[in-house]
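Colleague: There's a structure below that I have some questions on.
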Amino acid sequence: MKTILSCRNLTKQYGTTTALDNVDLDLPAGSVIGLLGPNASGKSTFIKIAAGLLTLTSGELLIDNNKPGVKTKEIVSYLPDHDYLNDWMSVNQLVKLFEDFYTDFDKLKAFDMIQRLNIKKESMLKTLSKGTREKVQLVLTMSRKAKLYLLDEPIGGVDPAARDYILNTIIGNYSENAAVLISTHLIADVEAVLTHAVFIKNGKIVRTGDVDTIREETNLSIDALFREEFKC
C-alpha cells in the first residue's frame, strides 16, 4: 500500500512548549484516518504543518515524497477548524472562486452536494447558520480531486441529522490513491468510516494502526478505547 504522508522525528516547539515530540508516522493512501486526542494534544499543529501553514522545528514530513510547499498545496485539500471564507460572498461566488483558484476543483460535484444539503446557491455566507457554513466549507474542500484531505473538526458544529450525510460525502469523494485525515472529538460519530486511527497525547503518538486490528487487540471499540486512554 502506497504511503501518502510520512514523518520522522517530527518536532514542533513554541518557545519552551513542545507541541509535537519526535513523531514517526506513515499514512497509507486509500484510507480514512482518525487523528484522535484530547485538547492540546497536537492534532491541529500536525495538520497545519502538513497543510504548509506552520514550519516544523526539526525532523521531516513528506507528502507524496515532497516537503510541504508549493508542490504539496496542489495535492492537499485543507479544512481548518474555524470559519475562513468571506462573509460578503454568496455560495455561488465561493464555488466560482474555488474553481478559479484550484485546477482540480469539480464545480458540478460541489453544486450537487450543495443541492443535496438543501443549501441555496444564492445565499450570502453571512446569512447562514454556523452549521450550514461548515457544510459549505466541507463541500468546497471535498470537491477537489486531491491526494490528501486534511479535515480539522469537520463535523463539530453540524447537527446530528446531517452528520451521516457529511461522513458519507467524505468517504464517497476521494479516490483509492488518496487519503483523508480527520481530527475530531466526536469519535462515536466518525468511527464507522475510519479505516485507521492515530491516538495522540501531549504531542506523542501513543497508538496507531488499522482500526480492525486495534479492536481485535483491545476488545474495545475505538470510541471506548479513546475514553479509556484519555480519561481524566
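FYI, it's all coordinate maths here, none of it is from the lab. Predicted model, so just to flag it, every value in this text is computed and none were measured. Methodologically, a virtual Cβ is constructed for each residue, glycine included, from the backbone with ideal geometry; neighbour enumeration extends over all protein chains shown.
Colleague: So what does log10 I(q)/I(0) come out to for the chain at q = 0.15, 0.16 Å⁻¹, using the Debye formula with one equal point on every Cα and no solvent?
Modeller: Debye intensities relative to I(0), on a log10 scale: -1.02, -1.15.
Colleague: I'd like the distance between the alpha-carbon centres of region 134-179 and region 66-106, rounded to an integer number of Å.
Modeller: Comparing the Cα centres of region 134-179 and region 66-106, I get a distance of 13 Å.
Colleague: Please list, or write none, the aspartates and glutamates whose alpha carbon is within less than 16 Å of the alpha carbon of K109, excluding same-chain residues fewer than 8 places away.
Modeller: Filter leaves E99, D100.
Colleague: Could I ask something else about it? Filter the chymotrypsin sites (Phe, Trp or Tyr not before Pro) in region 78-149 down to the DSSP loop ones having no more than 16 other Cβ atoms within 10 Å, then list what survives.
Modeller: Those satisfying the criteria are Y84, W88.
Colleague: Estimate the FRET efficiency between D164 and T16 by the formula 1/(1 + (r/R0)^6), using the beta-carbon distance for r and 35 Å for R0, to the nearest 0.05.
Modeller: Approximately 0.20, to the nearest 0.05.
Colleague: Hey, another quick one. What 222 nm value per residue comes from the helices of the chain, counting each DSSP H run with n ≥ 4 as -39,500 (n - 2.57) and dividing by all residues, nearest 500 deg cm²/dmol?
Modeller: -9500 deg cm²/dmol
Colleague: Ok, one more. With respect to the cross-link table entries K67/K145; K12/K71; K2/K135; K12/K231; K48/K145; K2/K67, which display a Cα-Cα separation exceeding 28 Å?
Modeller: Flagged as over cut-off: K2/K135.
Colleague: Cα to Cα, under 21 Å, and not fewer than 8 places away if on the same chain: which lysines meet these conditions relative to K130?
Modeller: Reachable lysines: K120, K121.
Colleague: Nearest 10 degrees is fine. How inclined is helix 160-172 to the longest principal axis of the chain, computing both from alpha carbons?
Modeller: 80 degrees
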